[in-house]
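This report refers to the structure that appears directly beneath it.
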Amino acid sequence: MVRETLANAFFSYSTNYLIDTDHSVIVDVEGTRSIRQAEVGSVRTMLDRIKDLHDIDPERLIADSAYGSGPMLGWLVDRDINPHIPVLDKAGRTDGTWSRTDFEWDADNNQYICLKGNRSNSSAATIPIRTGNPQAKALPNTRL
């Protein structure tokens, strides 16, 4: 017996546009599944495509906060594209995941220190750590 309250599943797509804002021209279009990761990936595809096909290197990229992850912003900066994108800030998390504000930054050694004094073995990557209390246990050699 099927519950009548369940909605039918559906698959949806998004159309992503790369627009030259100085000239109000659509430069490229990429269809993706309607999930953030696919939409963000489409920007890389379109930027690579316009470089290969038309030798266009944009000076800047304007986008919403879905594109404001560290890896995406870093990728743009590595290509000398100035990102005009709000940064995804998860400093004050409320979902039980430790955030960077739960750690002390040691600028001299370029690493984070957990509340029990253990130092990270990486300053670049982050992993979510779930707990009800950030002081509950130490993080020995945990990548941050």
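Here, each number is a calculation from the coordinates, and none is a lab measurement. Every value quoted in this text rests on a predicted model; they were computed, and no experiment measured them. For neighbour counting, all protein chains shown are included, and Cβ atoms are generated from backbone atoms with ideal geometry for every residue, glycine included.
What number, in percent, do you get for the relative contact order of segment 13-84 if the mean sequence gap of Cα pairs under 8 Å and at least 6 apart is divided by its residue count?
Details: 77 pairs, mean separation 16.1, N = 72.
Relative contact order of segment 13-84: 22 percent.
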> Each label point is 7 Å from the Cα along the Cα-to-Cβ direction; what then is the distance between the points at Asn8 and Asp78, in nm?
Replying inline: 4.3 nm
>> Can you order the peptides 101-107, 67-73 by their average number of other Cβ atoms within 10 Å per residue, highest first?
In response: 67-73, 101-107
> Using mean Cβ contacts within 10 Å as the protection proxy, how do 19-28, 47-56, 109-118 order, highest first?
Replying inline: 109-118, 47-56, 19-28
